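Trainee: Input: one structure, supplied below.
Just so you know, all these numbers are worked out from the coordinates, no wet-lab data involved. Since the structure is predicted, the reported quantities are computational estimates derived from the model, not experimental observations. So basically every Cβ, Gly included, is an ideal-geometry build from the backbone, and we count neighbours across all protein chains shown.
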Amino acid sequence: MTADEPAFQAVRRDGVLRVSRSETEWLSSGWNGGRWQSEAAYNISVPEEWGHQDLGAYVSSRLERAGFQDVAFPERDGRSNSHAQQPGPALLTGVDMTDARGAHCGPVTAYATAGISNPAALPMDPAGGSLPPTDAQTSETDETETTIGTVNVIVGTTRALESGALANLLAVAVEAKTATLLAETGFPGTTSDAVIVGHDPAGTPAAFTGSATRVGAATRACVREAVRSSLHAHYEDGTYTLPDSVADATYGVSTAVEATVFEPTVGEFPADDSVASQDATTVPDSQD
């Protein structure tokens with residue numbers, strides 16, 4: 001590998017993007033997410049009018065069809081992996097993998113696919129509204145939703161990160177994705193965006209991954225370029241049209257419900273030292 005080649009290589013085949021580096025530890029916000037140790041992470045394009053519900057079987061069949069026979073690890077997060085036949089974390093999208101774009105900078109490589117048919121707006125002057133009736137609209141149905149949208153990002157760094165630094169890297173990547181989408185489309189995201197971040201446990205340690213660090217800054221730059229380039233590729237030929245608003249989109253949501261703001265109550269510690277260490281701050285009970 002030369003200095004001009006990305007440390008995390010990608011192969012695109014039969015609607016699947018395979019991003020790989022040996023013995024990578026991944027953290028995924030997508031379906032069947034959490035922590036994984038595997039050779040690769042995947043981004044899978046699903047056809048229009050797709051409504052597959054058995055996601056584990058579907059992902060496995062797509063990887064097999066594409067000829068990606070990677071090693072499956074038997075555990076994830078210290079627990080038995082219920083999808084052991086799946087060799088790594090996977091994201092799903094309606095965007096064709098011909099629109100996938102990558103970018104690398106310093107110790108970081110990022111890949112993205114981007115489509116905005118299902119925008120999720122967050123107005124700063126909410127007119128009032130209600131929460132979705134169930135959580136189903138934000139769980140498995142997001143992954144099986146019939147859309148040509150979704151913004152998926154896979155980020156990898158050659159540095160070795162502690163658990164907190166890896167989790168923070170995911171936040172940095174999401175922040176960069178959001179800033180890029182706001183600048184390019186006016187929307188902070190879609191109803192089904194997902195991000196995977198990975199690191200090399202054998203690499204040079206990096207204690208922090210914030211925006212001012214080398215890893216964090218490189219991640220921001222890579223995500224910006226990859227997302228922006230994929231957006232341009234997706235919309236440049238006129239096949240798809242970028243919506244001007246949620247109302248103009250095929251799918252989409254605007255979070256108009258207004259939350260209740262409160263100040264945490266300040267309580268005094270009791271005289272009994274045995275309970276003085278307990279948190280005396282109280283907050284209202286959950287309304288869910």
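Trainee: Once you order the gyration tensor axes a ≥ b ≥ c over the Cα atoms, which shape class does region 160-267 get: rounded for a/c under 1.5, otherwise prolate or oblate by comparing a/b with b/c?
Mentor: Verdict is oblate for region 160-267.
Trainee: Considering only DSSP beta bridges where both residues belong to region 9-254, give the percentage that are antiparallel (nearest 5).
Mentor: Close to 70 percent.
Trainee: How charged is the neighbourhood of residue 201? Take every other residue with its Cβ under 14 Å from the Cβ of residue 201, and add Lys/Arg as +1 and Asp/Glu as -1.
Mentor: Every neighbour counted, the sum reads -2.
Trainee: Quick one: what Rg and Dmax do you get for region 9-254 from the alpha carbons, in Å?
Mentor: Final numbers for Rg and Dmax: 17.2, 51 Å.
Trainee: Rounded, prolate or oblate: which fits region 148-209, taking a ≥ b ≥ c as square roots of the Cα gyration tensor eigenvalues, rounded meaning a/c under 1.5, else prolate when a/b beats b/c?
Mentor: Taking the square roots of the gyration eigenvalues as a ≥ b ≥ c, region 148-209 is prolate.
Trainee: Compute the relative contact order of region 100-242 as a whole-number percentage, counting only Cα pairs closer than 8 Å that sit 6 or more residues apart in sequence.
Mentor: After rounding, I find 38 percent.
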